Amino acid sequence: MDTPALSRRDLLKVSLLGAAAVALPRHRGPSAGGSPRLAASKLPPPYTVPFSAPPVLRPTVSDATTDYYRITQTPFVGEVLPGVATPLWGYNGMVPGPTIKARQGRQTVVRQVNQLPATHPTLGYVPWTSTHLHGMPAKPQFDGYASDVSQPGQWKDYEYPNTGAARTLWYHDHGVHHTAENVYMGLAAQYHLTDPQEESLPIPKGRYDLPLILSDVSFAEDGSLLWDDHFHTGVFGDVVLVNGRPWPTLPVEQRRYRFRVLNASVSRAYTLELSTGQPMQLIATDGGLMAAPQSVTRLRVGMAERYEVVLDFTSLGTGATVQLLNTGVPGTPDGEGTDKVMQFEVTGPATSTEGNEVPAVLGSPAAMAVSPASARVTRTLRLDRTRGLWTINGETWDDVVASGFTRVFADPAVGDVEIWEVANGFRGWSHPLHTHLVDFQVLSRNGAPPPAQELGPKDTVYVGDGEVVRLLVQFGPEHGRYMIHCHNTAHEDHDMMVQYQVGQTDAACDPINAAPPRSGPETPLGGPG
Ligand code: C2O
Ligand code: CU
Ligand code: CU
């Protein structure tokens, strides 16, 4: 179990949840699994809602080296379905949250202010949060360590070095035991890092470069989100949202577009295909640009994975429509509407032909240059279910907590290279495994070379039922303790997460004590702390 304080809160959660069904007013949060569903007639027909992309956040202050942002985690009532009010939690009161843009070499500081209510209105838990920027080698105390939580009313400044290669990252909640609920309520957003290499490429940019943040939700009769994690196995909705909109349509010109696909679902993996059967040009994976583009007609996107694809609408006639479909993934239950994602509708000739290419050479990802011959050791991570919990090598985050946060699965030195063999032994479940801090190379999948979509740098790898995937990882540049976990966040919360240590952990990089959250009035951003 947790520390005694957390255990008491979890008991509280159970009793409040019991009371919620009778005592709490409607329209306050996601309903428990038993509530009646919203009538299908209240859902918009697919492809009738206009596409939209989250706004780009402006810094509050900038100085010579750093851009400072302030984000509040706030409850609000949104209109996800036309004419239906849905209580949500959002970064700056929007779902998904605003996109942050950063450039290699300039630092970012993001102040996260937890303005969530003291308890979740229907599920009853305390919404402590920890914000993780997934894909950024942040120091441990700024990495969204699950147990480094900010309680409602507290705030914390997260520092990001932006030292890596250009890529699509995302920031999302990582609060221990409640990541899935908090992300389902809306605490997720993209973060785009650019660098001179990416800027020099003639690939689609600006208004032709759009986020596609996928999530799936269900609605209760009163319009609130329906929550059912099926005894911590998974949360599966029947409505697919793209950037928070149900099955939207995007008007496109006769040219190429770049889409930054992110699967922000709690438990649903997708296989994306175009209705025309046209190929997609894959240009980047989790860790940024691939060495060369890969042409794929089907793209499997596990939870937390990012893939950048270029779609070409050049040869389609004005008025033509193309649907982006989800043909599903074995072991993932299909919902009523989960076979559809979104639609593109061709408006006519391109108004600009700038950045309309996919060059044969893209990037030179560092993780892909590591040689397997330099690996010092091979370690195995067995993904399993033991004693009613999801486990990694039989262990859980509670084992880490019980050790005073000292227990580690591995302890490589900075610069070391290792092979990690990830084996999914549990029949019937898939696990997208994520390692914090590092990008890795997929060496093999079930003994065979990785598929085309895994030929780029990765930080999350989908491990299907019974699969064995080998990863090549070089550790650094930071040192200290970092999490490894399943990114089906219902599994992660119960309790499929362990940690590893790179180099030494000292007081200056203790994930919980080096930069604790603060209470009370905020200090000026960018000013003396
Ligand atoms: Cu995207 Cu540890 O998470
Ligand atoms: Cu991460
Ligand atoms: Cu899992």
Looking at PRO59 and the list (1) under 17 Å from the mean Cα position of the chain (by Cα); (2) free of Cβ contacts under 8 Å to residues at least 40 places away in the same chain, which single condition is not satisfied?
(1)
Any hit, the stretch 97-115, residues being open to solvent by less than 10 Å² (accessible area, probe 1.4 Å), closer than 27 Å to VAL235 by Cβ and within 16 Å of ligand 3 (Cβ to nearest atom):
no
For ARG167, work out the one condition from (1) closer than 25 Å to ARG58 by Cα; (2) over 17 Å from the mean Cα position of the chain (by Cα); (3) open to solvent by 10 Å² or more (accessible area, probe 1.4 Å) it doesn't fulfil.
(2)
Selection from the stretch 499-526 of residues more than 30 Å from THR60 (Cβ to Cβ) and either part of a loop (DSSP other than H, G, I, E, B) or modelled with pLDDT under 95 (or both) yields GLY503, GLN504, THR505, ASP506
If a residue must be modelled with pLDDT of 95 or more and either outside any helix (DSSP H, G or I) or within 16 Å of ligand 1 (Cβ to nearest atom) (or both), how many such residues does the stretch 372-383 contain?
8
I want to confirm something. Restricting to the stretch 142-154 and keeping residues that are open to solvent by 10 Å² or more (accessible area, probe 1.4 Å) and either modelled with pLDDT under 95 or within 19 Å of the chain's Cα centre (by Cα) (or both), which single residue is nearest to ASP439 (Cα to Cα)?
PHE142
Given the conditions (1) buried (at least 20 other Cβ atoms within 10 Å of the Cβ); (2) more than 16 Å from ligand 3 (Cβ to nearest atom); (3) polar (S, T, N, Q), and given that SER430 satisfies all but one, which numbered condition is not satisfied?
(2)
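This table checks each residue for (1) open to solvent by less than 20 Å² (accessible area, probe 1.4 Å); (2) in contact (Cβ under 8 Å) with a residue 24 or more places away in the chain; (3) closer than 19 Å to GLY135 by Cα.
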position: GLU253; (1), (2), (3): no, yes, no
position: ARG268; (1), (2), (3): yes, yes, no
position: PRO279; (1), (2), (3): no, no, no
position: PRO293; (1), (2), (3): no, yes, no
position: VAL301; (1), (2), (3): yes, yes, yes
position: LEU311; (1), (2), (3): yes, yes, no
position: THR314; (1), (2), (3): no, yes, no
position: THR321; (1), (2), (3): no, yes, no
position: PHE344; (1), (2), (3): yes, yes, no
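Looking only at the stretch 353-394, count every residue that is β-branched (Val, Ile, Thr), within 27 Å of the chain's Cα centre (by Cα) and more than 16 Å from ligand 2 (Cβ to nearest atom) and tell me the total.
Within the stretch 353-394, residues that are β-branched (Val, Ile, Thr), within 27 Å of the chain's Cα centre (by Cα) and more than 16 Å from ligand 2 (Cβ to nearest atom) number 5.
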Which of (1) in contact with a helix residue (DSSP H, G or I) (Cβ under 6 Å, 6 or more places away or on another chain); (2) open to solvent by 20 Å² or more (accessible area, probe 1.4 Å) does ALA180 not meet, given it meets every other one?
(2)
Given the residues THR332, THR327, which is the only one that is touching a Lys or Arg at 6+ places or on another chain (Cβ under 9 Å) and open to solvent by 60 Å² or more (accessible area, probe 1.4 Å)?
THR327
Where residues in the stretch 454-477 are surrounded by 22 or more Cβ atoms within 10 Å (Cβ to Cβ) and farther than 16 Å from GLU421 by Cα, which of them is farthest from the chain's Cα centre (by Cα)?
GLY456
Scan of the stretch 250-278 for residues that are part of a loop (DSSP other than H, G, I, E, B) and within 17 Å of LEU212 (Cβ to Cβ), ordered by number:
ALA264, SER265, ARG268, ALA269, SER275, GLN278
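Can you say whether PRO450 is without any contact (Cβ under 8 Å) to a residue 24 or more places away in the chain, away from ligand 3 (no atom under 12 Å from the Cβ) and open to solvent by 10 Å² or more (accessible area, probe 1.4 Å), as far as the supplied structure shows?
yes
Test GLY244 against the criterion of being without any contact (Cβ under 8 Å) to a residue 40 or more places away in the chain and either out of contact with any strand residue (DSSP E or B) (no Cβ under 6 Å at 6 or more places or on another chain) or at negative phi (or both), and give yes or no.
no
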Pick from ALA423, ALA369, ALA350: which is modelled with pLDDT of 95 or more, away from ligand 1 (no atom under 16 Å from the Cβ) and open to solvent by 40 Å² or more (accessible area, probe 1.4 Å)?
ALA369
Pairing a residue in the stretch 131-143 that is among the β-branched types (Val, Ile, Thr) with any residue that is away from ligand 3 (no atom under 16 Å from the Cβ), where Cβ atoms lie under 7 Å and the two sit 6 or more apart in sequence or on different chains, gives THR131/GLN112; THR131/GLY144; THR131/TYR158; THR131/TYR171; THR131/ASP173
Do we find that ARG70 is at pLDDT 95 or above, surrounded by fewer than 20 Cβ atoms within 10 Å (Cβ to Cβ), among the charged types (D, E, K, R) and in a strand (DSSP E or B) in this structure?
yes
For the stretch 190-210, pairs from a residue that is acidic (Asp, Glu) to a residue that is open to solvent by 60 Å² or more (accessible area, probe 1.4 Å), with Cβ under 7 Å and 6 or more apart or across chains, are ASP195/GLN104
Name the single residue, out of those in the stretch 340-371 being touching a Gly at 6+ places or on another chain (Cβ under 7 Å) and assigned to a loop (DSSP other than H, G, I, E, B), that is farthest from PHE51 (Cα to Cα).
PRO365
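The values are calculated or read from the model by the stated rules, or taken from the named source; none is laboratory data. These numbers were taken from a predicted model, which means no experiment stands behind them. Here Cβ is always computed from backbone atoms with ideal geometry, including for glycine, and neighbour counts include all displayed protein chains. Side chains included, ligands, DNA and RNA excluded: accessible areas come from the protein's heavy atoms. Shrake-Rupley method; radii C 1.70, N 1.55, O 1.52, S 1.80 Å.
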